[in-house]
Amino acid sequence: MAQEELKSIDLEDIFFHYRHSSQQYILKLSLTNLSIVTKQDENKNKSSSSVNNTQIIPIDDIYGCLCMKSMKNSNQCCLTFYLYILKRSHTLSGIVSKKYDFHRIQHTFMYGKYNDYETNYAEIMRWHRHVTYAIYLRRNLPFDIMTIKRDKRALVFVNPAGGAGKAYRLVMEHVAGIWSEAEFNYHIVITEYAGHAREYVKTIELNEWSGIILASGDGLIYEVINGLFNRKDWQEALTLPIGHLPCGSGNAFITNIIRHSKQPIETSMEKFLVQSAILIATHQVIPFDMAVIDTCDGQRIFSFLSIAWGIMADVDYESEKYRFLGETRFTVEAVKRILRPRIYNGYIDYLPYDVTDDTVQTNQITSNTTTNGLSEHLLPLNEPISIDPTTSKWRRIDGPFAHVLITSKAALSKGSISTPQSTLTDGYLTLQFIRIHGSIRLNLAKAFTKLSDGKHFNYDFVEWMPIRAFRIVPSETNGNMMIDGEKVPYGPIQGEVLPSIARCMGKQPRND
Ligand SMILES: Nc1ncnc2c1ncn2[C@@H]1O[C@H](COP(=O)(O)OP(=O)(O)OP(=O)(O)O)[C@@H](O)[C@H]1O
């Protein structure tokens with residue numbers, strides 16, 4: 001693609017309707033919009049002063065553009081634009097509803113200005129290059145990344161065991177078509193066993209791939225991120241953006257990405273998948289926070305989502321047996337746990353997050369930093385943390401607790417906002433907990449019913465605070481401790497935020 005040619009994106013030409021050649025359009029392309037001006041029939045309108053009808057399509061709404069040879073006239077070509085737009089839906093009776101829905105639309109135009117196919121085709125390919133370039137410029141990627149990465153494929157892992165076990169079929173039915181319309185290149189690997197994707201990413205040649213996409217739930221994302229962190233070149237590995245096609249039961253990762261873009265989240269599974277596929281095909285590279293976690297068996301784990309102890313951990317783990325129910329599995333188990341609440345004894349040490357506190361160092365990662373050297377504030381787990389206020393910034397909260405959750409993102413699943421104020425890159429973890437006092441059943445029931453929109457934070461009995469680091473020390477020796485929905489050995493656990501350390505396939509919010 002000649003860089004010179006693309007310094008100016010503007011194009012204008014006359015096209016006609018793919019069925020009715022008498023209906024003509026002037027198409028104008030600019031950096032921000034495609035304008036479609038419907039040409040009036042000059043004879044018909046000689047007496048009328050009517051203005052040409054113009055439709056303006058923002059480039060942000062176009063996810064692909066393809067050229068084809070006309071089936072009707074061998075000299076002509078057609079140009080199709082693929083759009084994904086938010087618009088008001090119609091009810092069955094044809095009334096315009098107040099609700100906005102996403103719609104996939106395609107506009108096809110014929111082109112035949114010249115008498116020979118080759119010249120028409122060359123001209124239509126020029127349009128294709130310019131439209132593609134305009135789409136890529138909206139992604140805010142530097143030109144060199146754009147041209148290099150475009151030729152690369154994304155590595156897509158499909159988990160045949162994820163969610164209700166339909167991931168491969170869902171990808172073929174709802175994603176493959178969109179990605180060919182968007183000319184998004186990819187290579188699919190179907191995971192053969194738990195741990196396969198983690199092993200796979202440990203040895204991939206990083207510069208062969210444009211990113212890694214997981215058609216799965218959150219479990220496979222956790223696996224792949226930890227596989228990337230286990231590489232010697234982990235810093236470079238983490239620059240590969242991670243995309244998520246929701247095929248699991250939780251799907252928190254893509255939910256948080258779409259929340260960041262401020263798009264409404266599609267409700268049906270299929271439409272949610274389509275929304276994610278289009279976001280991936282036109283993505284920008286967005287950073288996100290993670291946490292480094294030390295578990296009691298000496299493992300160092302990287303978390304993109306949450307550390308749960310208490311009722312949330314029990315609900316997550318014990319609901320595994322209802323996996324066939326999809327996201328409903330969490331609700332079924334939560335009702336059981338609320339009716340028979342457990343008490344979790346122990347304490348939580350935490351380092352508060354205070355941006356004005358310059359005595360606390362923040363992670364300065366250099367090319368020499370190893371993953372063992374990644375934490376600034378964590379001591380070995382068997383060394384006590386000083387909470388003496390005269391010498392230490394660390395503080396302690398004593399249990400017993402009903403609920404303890406530490407998160408780096410807002411949504412724990414598509415249907416629950418555990419931490420409403422959280423963003424992808426706020427640079428802190430949020431600690432929330434419910435102590436055992438008052439009517440614990442009632443408090444838990446109230447908190448769980450408000451979890452869908454994060455309103456549980458409005459209750460006084462839900463305490464929360466932003467933190468940099470934490471250590472949870474349970475008194476009992478048996479129970480559930482979950483990191484990103486995966487069970488880890490039960491016992492003391494500690495962690496620290498890693499601000500903006502990884503990259504995802506996301507979108508910045510639109511300003512219009
Ligand atoms: N072929 C496979 N057979 C069995 N397990 C697999 C296979 N491929 C991956 N896994 C494992 O399945 C687990 C769950 O995967 P995934 O996250 O995709 O689905 P999920 O658990 O339904 O979703 P969520 O994590 O959102 O609840 C992962 O830990 C992964 O290691």
*How high is the FRET efficiency from residue 324 to residue 105, r the C-beta distance, R0 45 Å, rounded to 0.05?*
0.80
*Quote the accessible area belonging to residue 305 in square angstrom, nearest 10, computed with a 1.4 Å probe and with ligands, DNA and RNA left uncounted.*
10 Å²
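Order 275-285, 452-462 from most to least packed using the mean count of other Cβ atoms within 10 Å. Working shown, then result.
On the way: 275-285: 23.2, 452-462: 15.2.
Result, highest mean Cβ count within 10 Å first: 275-285, 452-462.
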*Just from its helices, what would the mean residue ellipticity at 222 nm be for the chain, if runs of 4 or more DSSP H residues each count -39500 (n - 2.57) and the sum is divided by every residue, rounded to the nearest 500 deg cm²/dmol?*
-7000 deg cm²/dmol
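Take every Cα pair under 8 Å in the stretch 447-493 that's 6+ residues apart, average their separations, divide by the length, and report that relative contact order as a whole percent. If you can, show how the numbers build up before the last one.
Values: 34 pairs, mean separation 12.1, N = 47.
In percent, rounded to a whole number, it is 26.
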*asked:* Positive end of the dipole of the stretch 193-269, charges at C-beta (+1 Lys, Arg; -1 Asp, Glu), about the Cα centre: which of 237, 269, 212 has its Cα farthest in that direction?
replied: 269
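Which whole-number percent gives the relative contact order of the chain, counting Cα pairs below 8 Å spaced six or more residues apart?
For the chain, the relative contact order is 14 percent.
Sorted by average packing, counted as other Cβ atoms within 10 angstrom per residue and highest first, what order do 475-482, 129-136 take?
Details: 475-482: 14.8, 129-136: 20.4.
My ranking of the peptides, most packed first, is 129-136, 475-482.
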_Keeping all protein chains in place and using 1.4 angstrom, which order do 296, 78 fall into by accessible surface area, from largest down?_
296, 78
*With a Cα-only, solvent-free Debye model of the chain, what are the log10 I(q)/I(0) values at q = 0.07, 0.09 Å⁻¹?*
-0.46, -0.71
*Probe 1.4 Å, all protein chains present, accessible-area order of 332, 158, largest first*: 332, 158
*Set the Förster distance to 45 Å, then compute FRET efficiency between residue 19 and residue 190 from the Cβ-Cβ distance, nearest 0.05.*
0.65
*Search the structure for amide H atoms under 5 Å from the amide H of residue 504, placed 1.01 Å from N in the peptide plane, and list their residues when 5 or more places away or on another chain.*
242, 286, 288
*Does the stretch 348-447 classify as rounded, prolate or oblate by the C-alpha gyration tensor (a ≥ b ≥ c root eigenvalues; a/c under 1.5 gives rounded; else a/b over b/c gives prolate, otherwise oblate)?*
oblate
*Which FRET efficiency, nearest 0.05, do residue 487 and residue 396 yield, Cβ-Cβ r, R0 25 Å?*
0.45
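In Å², and per residue, what accessible area does the chain have when probed at 1.4 Å with the other protein chains present?
46 Å²
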*asked:* For the ranges 204-214, 264-274, 97-107, what's the packing order if you count other beta-carbon atoms within 10 Å of each residue, average per peptide, and put the highest first?
replied: 204-214, 264-274, 97-107
*Apportionment of accessible area to carbon and sulfur, the chain, percent (1.4 Å)*: 51 percent
_So for the stretch 151-290, averaging the separation of alpha carbon pairs under 8 Å that are six or more residues apart and normalising by length, what relative contact order in percent results?_
28 percent
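Report D for the stretch 400-512 in µm² per second (integer): Stokes-Einstein, Kirkwood Rh on Cα pairs, 4 °C, 1.567 mPa s.
Details: Rh = 15.6 Å.
It diffuses with D of about 83 µm²/s by this estimate.
The values are calculated or read from the model by the stated rules, or taken from the named source; none is laboratory data. All figures in this text were calculated on a predicted structure; none of them were measured in a lab. Every residue, glycine among them, receives a Cβ derived from its backbone with ideal geometry; neighbour counts consider all protein chains shown. Please note that ligands, DNA and RNA were not included when accessible areas were found on the heavy atoms of the full protein model with its side chains. Shrake-Rupley method; radii C 1.70, N 1.55, O 1.52, S 1.80 Å.
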